[in-house]
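**Q** Attaching a single structure in structure tokens format; questions to follow.
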Amino acid sequence: MPESTPSRTGRRLSAILAADVAGYSRLMHNDEEGTHARLASLLAEVVFPVIGEHGGRVVKHTGDGFLAEFPSAVEAVRAACQFQDMVRDIAGQDQGDWRLVFRVGINISDVIVEAHDIFGDGVNIAARLEGIAEAGGICISASAYEHVRGKMPLEVIDLGEQHLKNIARPVRVYAVTTDKKEQTSVSVSAIASSLPILSIVVLPFKNIDGDPEQEYFVDGVTESLTTDLSRISGSFVIARNTAFTFKNKVLDVREIGRALNVRYILEGSVQRAGIRLRVNVQLIDAETGNHLWAERFDKPIADFFDMQDEIVSRLANELDAELILAEAKRAERVLSPNALELCFRGIACIYKGPSHENYSAARSFFEKALAVDPECVDALLGIARIEAGWGSTFVDESRWNHFATAEPLLMKVLALAPGNAMAHAFLGLVQMATRRVEAGIAQCEHALLLDRNFANAWGMIAYGKQLLGHFEQSIVHVKEAERLSPRDIFAFRWLNNAGVSTLMHGDPAGAVSWLRRCVERNRNFSIGQFHLAAALSLAGEVAEAKAVADTALGLDPNFTIQKYRLGLASDNPAYLAGRNQIYHGMSIAGLPQV
């Protein structure tokens with residue numbers, strides 16, 4: 001029970017510890033009486049005695065948690081480390097869905113003290129720190145860290161400045177661990193969170209106008225997004241029927257996250273503005289309540305079903321990238337990452353753009369993932385993507401070796417996961433680049449049957465059509481990829497394909513327009529710069545062409561026109577004639593022949 005303090009109100013410097021149970025609403029839903037009894041037993045027999053041993057007092061209960069005060073930050077952290085370790089050992093005997101573990105936040109501040117409570121901004125900060133701690137973890141403020149540093153065997157992970165809800169200024173936060181290997185429960189990175197990786201719920205979108213004719217469109221967007229996000233590798237998406245139980249309810253997103261045991265919440269709204277329809281969407285971190293990403297669509301009102309398909313396609317593609325980057329950022333703080341977390345970090349390196357450094361870093365993460373799990377599909381696919389990307393980006397004699405390495409990896413992925421759309425698409429790319437164009441296009445088309453929103457597959461088909469001399473079709477496919485995912489991370493590759501097809505079709509000025517967009521999207525993409533130099537030369541802009549060529553050689557100093565000729569992937573007459581024009585343009589730009 002909370003201890004008494006003198007009745008007079010006063011102030012004092014205190015170390016404040018706030019704690020709550022991770023996933024409490026879910027636990028209560030599963031077993032209300034059992035969860036209540038287990039929590040009461042843990043508090044009475046483990047947690048509160050430890051707090052007393054370290055000179056602390058429990059100020060009050062807060063439903064699924066409590067607030068405690070200590071005269072010393074050192075003793076507060078020692079107590080937290082001790083009871084978290086003990087609770088973890090007890091929780092380890094339970095199955096995953098029944099594990100009862102705490103999250104802890106610690107801050108030191110001057111507080112207002114009353115008989116049965118303490119108040120002040122410092123108390124609020126401790127509560128917010130508890131909110132961003134991992135299940136089983138401890139987060140402390142910079143002020144608390146300054147008091148404990150060097151006074152106990154402590155290791156921390158610097159989480160940087162965090163913008164905490166309703167706290168005016170950012171707070172520097174540290175996640176705590178100890179130097180004993182067996183006491184890793186206090187580390188953000190050492191305990192696997194009770195929240196599944198890449199877990200998300202799509203809440204029913206709000207129909208702001210209340211127009212009943214619009215309601216089916218709003219619900220359709222929610223349902224389609226739920227389906228399409230479930231295609232993301234490694235994702236855990238709450239089913240539509242469960243998500244719709246929150247329709248028209250005003251709830252705190254953190255509470256929804258705890259109730260559903262998810263890391264991310266997607267919410268949105270639809271509003272009619274004259275002859276246009278406006279859709280607002282935002283991605284929220286369910287643990288902190290922080291907004292991670294937002295998007296707005298303004299579309300002329302046309303066929304609702306066509307609009308729904310286009311909006312869902314764009315959202316699914318953008319969210320795929322945003323969620324992976326968010327998980328990669330989380331994984332950076334993990335001391336002992338699992339295979340999937342390592343894969344997220346590898347994919348994030350690919351997203352930075354095609355360079356030797358980025359590809360090497362990505363491959364390293366995928367190889368580490370395979371050391372953890374030799375049959376990790378995402379790691380095998382990741383290495384195959386690196387090899388295919390290397391072969392299609394950097395022009396040298398070894399490009400065929402990269403394609404030869406990628407193909408068996410992709411075949412292994414498809415043996416393990418036949419429905420993996422990305423593996424089919426990259427196998428198609430490898431086949432197209434190695435003179436099996438029709439087979440490659442068929443693989444990419446199969447990928448689109450598996451995932452209708454897979455914009456990158458359209459970009460790869462555009463490359464295949466170019467190899468067959470169907471330049472106008474190639475450009476049409478690039479436009480379709482852009483329609484599905486206008487801000488796609490890999491759009492620079494599609495724009496390069498459109499530029500090359502336009503150049504081969506005899507329109508160097510049009511090619512310059514496409515290739516400028518390619519370079520603007522990703523300045524690390526050396527082959528796009530080489531193609532731009534060729535197009536500028538053929539369009540009569542020789543001075544600029546030479547400047548672009550110099551920039552491109554800075555990215556890939558081993559490039560020569562002779563090596564570029566090795567990339568010939570088709571004997572189609574129109575394609576061969578177009579290649580000759582590119583060689584000529586590169587020569588005018590001053591690129592080396594050999």
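**Q** Scan region 231-268 residue by residue and report those that are more than 13 Å from SER199 (Cβ to Cβ) and in contact with a strand residue (DSSP E or B) (Cβ under 7 Å, 6 or more places away or on another chain). So that I can check it myself, show each step before the final result.
**A** First, pick out the residues of region 231-268 that are more than 13 Å from SER199 (Cβ to Cβ): 231, 233, 240-241, 244-255, 267-268.
Within region 231-268, VAL253, GLU267, GLY268 meet the criteria.
**Q** Right, something else. Search region 364-419 for residues being crowded, with 21+ Cβ neighbours inside 10 Å and of a type in the set (Asp, Glu), and hand back the single one that is nearest to ILE347 (Cα to Cα).
**A** Among residues in region 364-419 that are crowded, with 21+ Cβ neighbours inside 10 Å and of a type in the set (Asp, Glu), the one nearest to ILE347 (Cα to Cα) is ASP378.
**Q** May I ask you to list the residues in region 443-495 that are within 17 Å of SER392 (Cα to Cα) and aliphatic (A, V, I, L, M)?
**A** Scanning region 443-495 gives ALA457, MET460, ILE461, ALA462, LEU467, ILE489, ALA491, LEU495.
**Q** Determine the pairs where a residue that is closer than 19 Å to ARG483 by Cβ, located within region 495-524, has a partner that is part of a loop (DSSP other than H, G, I, E, B) with Cβ atoms under 8 Å apart, the partner being 6 or more residues away or on another chain.
**A** Sorted first by the residue in region 495-524, then by its partner, the pairs are ASN496/PHE525; CYS518/PHE525.
**Q** So, in region 331-353, exactly how many residues are among the charged types (D, E, K, R) and free of Cβ contacts under 8 Å to residues at least 40 places away in the same chain? Reasoning before the result, please.
**A** Of the residues in region 331-353, the ones among the charged types (D, E, K, R) are 332-333, 341, 345, 352.
Still in the list and also free of Cβ contacts under 8 Å to residues at least 40 places away in the same chain: 332, 345.
Looking only at that region, the number is 2.
**Q** Determine whether GLU310 is in contact with a helix residue (DSSP H, G or I) (Cβ under 9 Å, 6 or more places away or on another chain), crowded, with 20+ Cβ neighbours inside 10 Å and not assigned by TED's automatic domain parsing to the domain that holds LYS412. Explain how you work it out, then say what you get.
**A** Numbers: in contact with a helix residue (DSSP H, G or I) (Cβ under 9 Å, 6 or more places away or on another chain): yes; crowded, with 20+ Cβ neighbours inside 10 Å: no; not assigned by TED's automatic domain parsing to the domain that holds LYS412: yes.
No: the conditions fail for GLU310.
**Q** Same structure again: Can you tell me which of GLY34, GLY55 is touching a Pro at 6+ places or on another chain (Cβ under 8 Å), farther than 29 Å from GLU161 by Cβ and of a type outside the set (Phe, Trp, Tyr)? First the steps, then the outcome.
**A** On the way: GLY34 fails: touching a Pro at 6+ places or on another chain (Cβ under 8 Å).
On inspection, the qualifying residue turns out to be GLY55.
**Q** Next up: Check whether at least one residue in region 85-100 is crowded, with 20+ Cβ neighbours inside 10 Å, touching a residue at least 60 places away in the same chain (Cβ under 8 Å), in contact with a strand residue (DSSP E or B) (Cβ under 7 Å, 6 or more places away or on another chain) and in a loop (DSSP other than H, G, I, E, B), and report yes or no.
**A** The answer is yes, given that some residue of region 85-100 is crowded, with 20+ Cβ neighbours inside 10 Å, touching a residue at least 60 places away in the same chain (Cβ under 8 Å), in contact with a strand residue (DSSP E or B) (Cβ under 7 Å, 6 or more places away or on another chain) and in a loop (DSSP other than H, G, I, E, B).
**Q** Specify which of the listed residues (VAL548, VAL500, VAL512, VAL519) is under 28 Å from the mean Cα position of the chain (by Cα), hydrophobic (A, V, I, L, M, F, W, C), at pLDDT 95 or above and crowded, with 21+ Cβ neighbours inside 10 Å. Before the answer, list the steps.
**A** Details: VAL548 fails: under 28 Å from the mean Cα position of the chain (by Cα); VAL500 fails: under 28 Å from the mean Cα position of the chain (by Cα); VAL512 fails: under 28 Å from the mean Cα position of the chain (by Cα).
Result of the check over VAL548, VAL500, VAL512, VAL519: VAL519.
**Q** Can you name the condition, by its number, that SER233 falls short on among (1) among the polar types (S, T, N, Q); (2) closer than 30 Å to VAL413 by Cβ; (3) in a helix (DSSP H, G or I)?
**A** (3)
**Q** Restricting attention to region 61-72, which residues are within 13 Å of VAL111 (Cβ to Cβ) and within 38 Å of the chain's Cα centre (by Cα)?
**A** Narrowing region 61-72 to residues within 13 Å of VAL111 (Cβ to Cβ): 67-71.
Of everything in region 61-72, those that are within 13 Å of VAL111 (Cβ to Cβ) and within 38 Å of the chain's Cα centre (by Cα) turn out to be LEU67, ALA68, GLU69.
**Q** Restricting the search to region 313-339, which residues are out of contact with any helix residue (DSSP H, G or I) (no Cβ under 6 Å at 6 or more places or on another chain) and of a type in the set (Asp, Glu)?
**A** Scanning region 313-339 gives GLU318, ASP320, GLU322, GLU332.
**Q** If I filter region 228-244 down to residues being of a type in the set (D, E, K, R) and touching a helix residue (DSSP H, G or I) at 6+ places or on another chain (Cβ under 6 Å), which single residue comes out as nearest to VAL377 (Cα to Cα)?
**A** Residues of region 228-244 that are of a type in the set (D, E, K, R), as a first pass: 228, 231, 240.
Now drop any that are not touching a helix residue (DSSP H, G or I) at 6+ places or on another chain (Cβ under 6 Å), which leaves 228, 240.
On the way: ASP228: 20, ARG240: 27 Å.
Out of the qualifying residues, it is ASP228.
**Q** In addition: So which residues in region 497-524 are out of contact with any Phe, Trp or Tyr (no Cβ under 7 Å at 6 or more places or on another chain) and among the polar types (S, T, N, Q)?
**A** SER513, ASN524 - these are the residues of region 497-524 that are out of contact with any Phe, Trp or Tyr (no Cβ under 7 Å at 6 or more places or on another chain) and among the polar types (S, T, N, Q).
**Q** For region 206-227, state whether one or more residues are part of a helix (DSSP H, G or I), at pLDDT below 80 and either closer than 29 Å to CYS376 by Cα or basic (Lys, Arg) (or both).
**A** Scanning region 206-227 turns up no residue that is part of a helix (DSSP H, G or I), at pLDDT below 80 and either closer than 29 Å to CYS376 by Cα or basic (Lys, Arg) (or both).
**Q** Is at least one residue of region 248-255 part of a loop (DSSP other than H, G, I, E, B) and crowded, with 21+ Cβ neighbours inside 10 Å?
**A** Applying the first criterion (part of a loop (DSSP other than H, G, I, E, B)) to region 248-255 yields 248-252.
The next check asks that each one be crowded, with 21+ Cβ neighbours inside 10 Å; those that pass are none.
Within region 248-255, none of the residues are part of a loop (DSSP other than H, G, I, E, B) and crowded, with 21+ Cβ neighbours inside 10 Å.
**Q** On to the next question. Can you name the helices (runs of 4 or more DSSP H) wholly within region 377-482 that have at least 3 residues being outside the structural domain of SER355 (by TED's automatic domain parsing)? Write out each step before concluding.
**A** Details: elements: 377-393, 399-416, 421-433, 437-450, 455-467.
Correct list: 455-467.
**Q** Among the residues of region 511-521, are any in contact with a Cys (Cβ under 6 Å, 6 or more places away or on another chain) and under 20 Å from ASN358 (Cβ atoms)? Walk me through how you get there before you give the answer.
**A** Narrowing region 511-521 to residues in contact with a Cys (Cβ under 6 Å, 6 or more places away or on another chain): none.
The answer is no, given that none of the residues of region 511-521 is in contact with a Cys (Cβ under 6 Å, 6 or more places away or on another chain) and under 20 Å from ASN358 (Cβ atoms).
**Q** Would a scan of region 54-71 turn up a residue that is within 23 Å of SER199 (Cβ to Cβ), at pLDDT below 90, not in a loop (DSSP other than H, G, I, E, B) and not assigned by TED's automatic domain parsing to the domain that holds GLY257? Please lay out each step first, then the result.
**A** Restricting attention to region 54-71, the residues satisfying the condition of being within 23 Å of SER199 (Cβ to Cβ) are 64-65.
Applying the additional criterion that residues be at pLDDT below 90 yields 64-65.
Next cut, not in a loop (DSSP other than H, G, I, E, B) only: 65.
Going one step further and asking which of them are not assigned by TED's automatic domain parsing to the domain that holds GLY257, we end up with 65.
Yes, that holds for at least one residue.
**Q** From the list LEU340, LEU335, which residue is modelled with pLDDT under 90 and surrounded by fewer than 17 Cβ atoms within 10 Å (Cβ to Cβ)?
**A** Working: LEU340 fails: surrounded by fewer than 17 Cβ atoms within 10 Å (Cβ to Cβ).
So the residue among LEU340, LEU335 that is modelled with pLDDT under 90 and surrounded by fewer than 17 Cβ atoms within 10 Å (Cβ to Cβ) is LEU335.
**Q** Quick check, is ALA294 farther than 26 Å from PHE217 by Cβ and among the aliphatic types (A, V, I, L, M)?
**A** Values: farther than 26 Å from PHE217 by Cβ: no; among the aliphatic types (A, V, I, L, M): yes.
No.
The values are calculated or read from the model by the stated rules, or taken from the named source; none is laboratory data. What you are looking at is a predicted structure, and each value in this text was computed from that prediction instead of being measured. Reconstructed Cβ throughout: ideal geometry from the backbone, glycine too, with neighbour counts over all protein chains shown.
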